[in-house]
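Each remark here refers to the structure printed beneath this line.
The values are calculated or read from the model by the stated rules, or taken from the named source; none is laboratory data. Everything quoted here is computed from the prediction, not taken from an experiment. Cβ: placed from backbone, ideal geometry, glycine included. Neighbour counts: every protein chain shown.
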Amino acid sequence: MSQKYTLNFHNNTRNYGKICVYQTAPDVNDPQLMSLAWFAEPAHPTTSVKFSWTIDYDFIWDETGPLVPGVVFDASQIWPADLTTANHIDFTSDRDALTFANQRSGVKAGTLYVHNSNTVPFDVASVGIAMSGAGTFARPAQPNLAFSFTPHPVYWVTFGDYEVGEVLDVEAITNAQKITFNPNIYNVDVSLNLDNTWSVR
C-alpha cells in the first residue's frame, strides 16, 4: 500500500476561486514539457479543501491538438506504470486509432519511457504521465521520438481560475506557493491569507 499524502487548503481571503495543485520537474529544461493542473477545486471564502494522493504513476495520452497553455488534457487512455517492471510503452496509431501498446521493462529503473512510433501524426496528440490517476506532465507526440520522464515531483499551489488537466504556463503564474513534504511528514496545511499571501505549516 502506497503512502498517502494530504494537502489541506484554507481560503482565508475575501475571494472565490479555484485552488490548483500542480507539479514541476526541477531537473528538466525542456520547453515542450508542460505542467498540467493536477488538482483544481473551487473554494469560497472561509472554506477548506483537502487533497490526498499516493505516489503511483500512469502513462496517459490525449488528442489535444497543439499543446499550448489553456488546452485541457483529458486522458483518452490511462495505463498504470511501474518504475521498475513496466516503465516503457509504445504510442502508436493502429487502424486509424491512437493507442498505447507493448508495455515492458525500460532501460533504467526510475524513469518512464514513451516511444512514439512512425505512425504517430504531428499536432494531434500529446503523451505524458499521471500521478495518483491525474495528469501531471505532457508533451506533444511526434513520430519516431522517444520521451523519458524521471519523476522528482515538486509540488505547487496557486489560486485563480483553473480546470483539471489544463495546460499551465508556469512562468506566468505569479501567486504560486511551493509545498514541501519533509521526511516522514505526509500532511501539510496551506492557507491563503486575507492579504493574499500564503502560509504553510
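If you check residue 8 against the conditions, is it assigned to a strand (DSSP E or B), on the phi < 0 side of the Ramachandran plot, modelled with pLDDT of 95 or more and not hydroxyl-bearing (Ser, Thr, Tyr)?
Numbers: assigned to a strand (DSSP E or B): yes; on the phi < 0 side of the Ramachandran plot: yes; modelled with pLDDT of 95 or more: yes; not hydroxyl-bearing (Ser, Thr, Tyr): yes.
Answer is yes for this residue.
Restricting attention to region 11-37, the residues that are among the charged types (D, E, K, R) and part of a strand (DSSP E or B) total 1. For region 93-127, the set of residues classified as closer than 25 Å to residue 53 by Cβ and either touching a residue at least 60 places away in the same chain (Cβ under 8 Å) or not in a loop (DSSP other than H, G, I, E, B) (or both) consists of 100, 103, 112, 113, 114, 126, 127, listed by residue number. Residues that are loosely packed, with under 12 Cβ neighbours inside 10 Å and charged (D, E, K, R) within region 1-18 comprise just one, 14. Residue 53 meets all of the listed conditions (1) assigned to a loop (DSSP other than H, G, I, E, B); (2) in contact (Cβ under 8 Å) with a residue 40 or more places away in the chain but one, namely (1). Spot the failing condition for residue 130; the list is (1) hydrophobic (A, V, I, L, M, F, W, C); (2) under 21 Å from residue 22 (Cα atoms); (3) free of Cβ contacts under 8 Å to residues at least 40 places away in the same chain, and only one is missed. Tallying (1) hydrophobic (A, V, I, L, M, F, W, C); (2) under 21 Å from residue 22 (Cα atoms); (3) free of Cβ contacts under 8 Å to residues at least 40 places away in the same chain, residue 130 fails exactly one: (3). If a residue has to be touching a residue at least 24 places away in the same chain (Cβ under 8 Å) and either within 30 Å of residue 66 (Cβ to Cβ) or part of a strand (DSSP E or B) (or both) to count, how many in region 152-201 make the cut? Selection size over region 152-201: 29.
Between 56, 74, which is of a type in the set (D, E, K, R), within 22 Å of residue 3 (Cβ to Cβ) and within 14 Å of the chain's Cα centre (by Cα)?
On the way: 74 fails: within 22 Å of residue 3 (Cβ to Cβ).
Residue meeting the stated conditions: 56.
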